[in-house]
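One structure below.
The values are calculated or read from the model by the stated rules, or taken from the named source; none is laboratory data. All of these numbers come straight from a predicted model, not from anything done at the bench. Cβ: placed from backbone, ideal geometry, glycine included. Neighbour counts: every protein chain shown. Calculation scope for accessible area: heavy atoms of the full protein, side chains included, ligands and nucleic acids excluded. Shrake-Rupley method; radii C 1.70, N 1.55, O 1.52, S 1.80 Å.
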Amino acid sequence: MRTTLIALTALLASSSALADTLVYNANGIQVDRFGHLAPFYGFVVGDDGKVARLVRDDEPRPKTTNSIDLKGRTVLPGLIDAHGHVMALGFTALQLDLTGTTSLADLQARLKAYAEANPNARWILGRGWNQELWPDKRFPTAADIDAVVSDRPVWLGRVDGHAAIANSAAMQAAGFALNTQSPSGGRIENGLFVDNAMSLIESRIPAPTPAEQDAAMAAVQQKMLATGLTAAADMGTAPDEWAAMNRAGEAGTLKVRILSYAGGIPGMKAINGGRPSDWLYGDRLHLGGVKLYADGALGSRGAWLKQPYADKPDTHGLQFLTDAQMTEQANAAAAGGYQLAIHAIGDAANAQVISTYEKLSATYGNDRRWRIEHFQIADPADIPRLKPAGIIASMQPTHQTSDRLMAEKRLDPSRLEGAYAWQTVEKLGIPIAFGSDFPVESPNPFPGLAAAVSRQDMNGQPPGGWYPEQRVSFEQALAGFTRGAAYAGFAETRIGGLDPGKWADFIIVDRDVSKVDPQALARTQVLETWVAGQKVWEKPPSAAGAERGR
Ligand SMILES: [Zn+2]
């Protein structure tokens with residue numbers, strides 16, 4: 001018996017020795033399953049691309065075919081964004097980028113330059129403006145856009161994706177005029193389309209061709225890998241997007257891992273024959289859930305609040321679904337074996353989603369990892385309801401730093417206690433997954449980690465942090481972008497840490513992220529990104545001085 005075992009072990013060793021790789025001399029940083037920082041020195045990657053074992057610095061170096069000396073550089077598990085919009089980020093990379101515009105004139109100048117550079121674009125699409133950053137904070141109008149481009153449709157999304165401005169040609173293409181009535185759950189004002197009204201224009205934009213989608217798929221992967229993201233949950237995958245992801249998988253060009261959540265019940269029925277998918281292409285693509293919306297966003301006053309907006313007392317925001325509708329849709333998804341991820345920003349929306357999940361847990365059990373996406377403004381009385389109902393809080397640290405001044409206007413201070421309340425959620429033992437909501441925010445997870453530990457933006461504002469009692473520790477923050485995000489996607493046995501049996505997804509960064517201050521943490525540069533034991537991205541030498549997060 002003993003001889004057989006030895007022979008078997010020798011056989012296994014010799015076969016894996018064909019292509020196994022020792023990665024050593026690393027300043028490895030990860031979080032263990034108890035949530036503690038667990039430094040590591042090295043690990044062996046098997047020829048299957050998975051971690052075979054961790055290696056300590058005080059043991060004899062294992063014999064492997066290949067070895068990589070990291071010379072003490074800092075290594076982290078590949079980071080996971082628990083809430084992004086994959087194809088939207090890809091298209092954003094190809095479209096007119098209006099992030100950081102400092103004024104309407106700045107937007108107009110960028111639009112003019114883009115229109116001249118893209119004379120053949122049938123529609124001019126852009127995204128990222130935020131009038132809150134402009135001197136007069138006035139929303140743009142159709143006339144403002146007509147003044148620059150009037151010969152073809154223009155459609156420019158606000159940074160939060162919950163409002164967009166159209167020019168007159170876009171409205172004509174969609175067949176209506178400035179005085180067209182707003183649909184329920186939406187609003188139209190001088191060419192500004194909010195929430196449900198946006199689909200009136202968006203449904204008329206020519207669908208991207210498969211070639212355009214493939215270009216977006218390539219672009220988004222470069223963006224993700226360059227910022228250290230090896231995986232992301234795609235919140236609201238459309239059928240044509242699912243097709244593009246599969247094309248990349250079939251072609252072998254899918255490098256990142258995508259945890260897909262179908263966009264609504266129609267999306268659920270249209271994708272993959274109405275069933276969750278297997279883990280495809282070496283665990284690089286999986287459809288496991290359905291994304292629904294309970295309300296809009298705070299910036300456009302679409303978030304559904306229990307009390308009226310402090311700065312617009314005639315509205316509580318927008319309720320997207322009645323209780324009966326939400327229950328019916330959630331039931332349809334849960335009965336089909338899907339996980340649920342429901343967007344809720346306002347405290348009324350969060351209460352509605354919690355109640356829905358409480359009902360689902362009574363029917364399906366509380367181990368289905370129901371997710372609330374954003375969980376941004378919660379009534380403190382509702383937060384303790386999450387844990388018993390088996391709910392995960394999927395939150396985005398950089399939303400807090402981007403939103404805080406706006407949130408202070410939309411809500412009075414007494415209603416901010418349960419806003420972006422990460423530490424309250426942690427203390428209650430509620431599972432947290434962190435993400436960015438890209439392209440709403442930059443996909444770069446390092447400003448997210450920094451915001452999580454500091455409640456400060458990239459520039460250290462505000463001093464001392466915004467409601468600093470809601471800061472989380474570095475290990476909690478890192479867990480949110482690794483193990484927590486994996487758990488929220490039912491992927492914790494595959495990714496989220498460099499543990500035996502999981503994929504060797506890791507990144508090499510330029511500083512010890514566990515020791516630097518939040519400002520330096522936010523500016524961490526990724527040097528190399530590896531997926532399944534293969535190097536898939538390396539920082540180009542020319543970009544050595546670049547420090548921009550976006
Ligand atoms: Zn989102």
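Can you give the local net charge around ILE342? Use residues other than it whose beta-carbon is closer than 12 angstrom to its beta-carbon, Lys and Arg +1, Asp and Glu -1. With Lys, Arg at +1 and Asp, Glu at -1, the net is 0.
Label reach from ASP512 (point 7 Å along Cα→C-beta): in the range 454-477, amide nitrogens under 17 Å belong to 474-475.
With a Förster radius of 35 Å applied to the beta-carbon distance between ILE205 and LYS387, the computed FRET efficiency rounds to 0.25.
Judged by the mean number of other Cβ atoms found within 10 Å, the most tightly packed of the peptides 471-481, 202-212, 88-98, 275-285 leads the ranking 471-481, 88-98, 275-285, 202-212. Close amide H contacts of GLN339 (hydrogens built in the peptide plane, cut-off under 5 Å, sequence separation of 5 or more or a different chain): GLY289, VAL290. For the pair ALA310 and ASN459, a Förster radius of 22 Å applied to the C-beta separation gives a FRET efficiency near 0.25, rounded to the nearest 0.05.
For the pair SER414 and ALA121 in one chain, pulling the backbone fully straight at 0.36 nm per residue adds 100.6 nm over the alpha carbon distance. Computed from backbone phi with θ = phi - 60° and the Karplus coefficients 6.51, -1.76 and 1.60, the 3J(HN,Hα) list for the range 521-536 is 4, 4, 9, 4, 9, 7, 9, 8, 10, 10, 10, 6, x, 10, 6, 10 Hz; x is used for glycine and proline.
For the chain, the mean residue ellipticity at 222 nm estimated from helices alone is -9000 deg cm²/dmol, where every DSSP H run of n ≥ 4 contributes -39500 (n - 2.57) and the total is divided by all residues, rounded to the nearest 500. For LYS137, the aspartates and glutamates whose Cα falls under 17 Å of its own Cα, not counting residues fewer than eight places away in the same chain, are ASP106, ASP160, GLU189, ASP311, ASP403, GLU408. Within the set of other residues whose C-beta is less than 11 Å from the C-beta of LYS535, count the net charge using Lys and Arg as +1 and Asp and Glu as -1. Local charge sum for LYS535: -1. In this structure, LYS63 and ASP146 have a Cβ-Cβ separation that, at R0 = 60 Å, corresponds to a calculated FRET efficiency of about 0.25.
Taking θ as phi - 60° and the Karplus parameters 6.51, -1.76 and 1.60, the scalar couplings of the range 107-119 work out to 4, 4, 5, 5, 4, 4, 5, 5, 4, 5, 7, 10, x Hz in sequence order, x denoting glycine and proline. Rolling a 1.4 Å probe over the heavy atoms of the protein chains gives the chain an accessible area of 40 Å² per residue.
The spacing between the range 27-87 and the range 128-148, judged by their C-alpha centroids, is 47 Å. Take the Cα of SER184, step 7 Å toward its Cβ, do the same at ALA362, and the gap between the two points is 2.6 nm.
Within the accessible surface of the range 17-108, defined with a 1.4 Å probe on protein heavy atoms only, the carbon and sulfur portion equals 51 percent. The length gained by stretching the chain between ALA520 and LYS112 to full extension, at 0.36 nm per residue less their Cα-Cα distance, is 143.3 nm.
Scanning residues 5 or more positions from ALA233 or on other chains, those with amide H under 5 Å from its amide H are ASP81, ALA82, HIS83, GLY84, LEU259, with H placed 1.01 Å from N in the peptide plane.
So for each of 231-241, 189-199, 245-255 I average, over its residues, the number of other beta carbons within 10 Å; can you give me the resulting order with the highest mean first?
Working: 231-241: 24.7, 189-199: 20.5, 245-255: 16.4.
In descending order of packing, they fall as 231-241, 189-199, 245-255.
With contacts taken as Cα pairs under 8 Å at a separation of at least 6 residues, the range 377-433 carries a relative contact order of 60 percent. On full extension, the segment bounded by GLU328 and LYS137 gains 64.8 nm, given 0.36 nm per residue less the C-alpha separation. Each peptide in 298-304, 383-389, 311-317, 213-219 gets a packing score, the mean of other Cβ atoms within 10 Å over its residues, and the list from highest to lowest is 298-304, 213-219, 383-389, 311-317. Applying the Karplus relation 6.51 cos²θ - 1.76 cosθ + 1.60 with θ = phi - 60° to the range 141-157 yields 3J(HN,Hα) values of 10, 4, 4, 4, 7, 3, 4, 9, 10, 10, 7, 8, x, 10, 9, 10, x Hz, where x marks Gly and Pro.
Surface composition of the range 283-424: carbon plus sulfur atoms contribute 51% of the solvent-accessible area (1.4 Å probe, protein chains only, all chains present).
Ligands, DNA and RNA left out, the accessible area of the range 429-494 computed with a 1.4 Å probe is 53% carbon and sulfur. Net charge near GLY249, counting Lys/Arg +1 and Asp/Glu -1 over other residues with Cβ under 14 Å of its Cβ? Computed value for this residue: -2. For ALA433, the residues 5 or more places off, or on other chains, whose built amide H falls under 5 Å of its own are ALA393, SER394, MET395.
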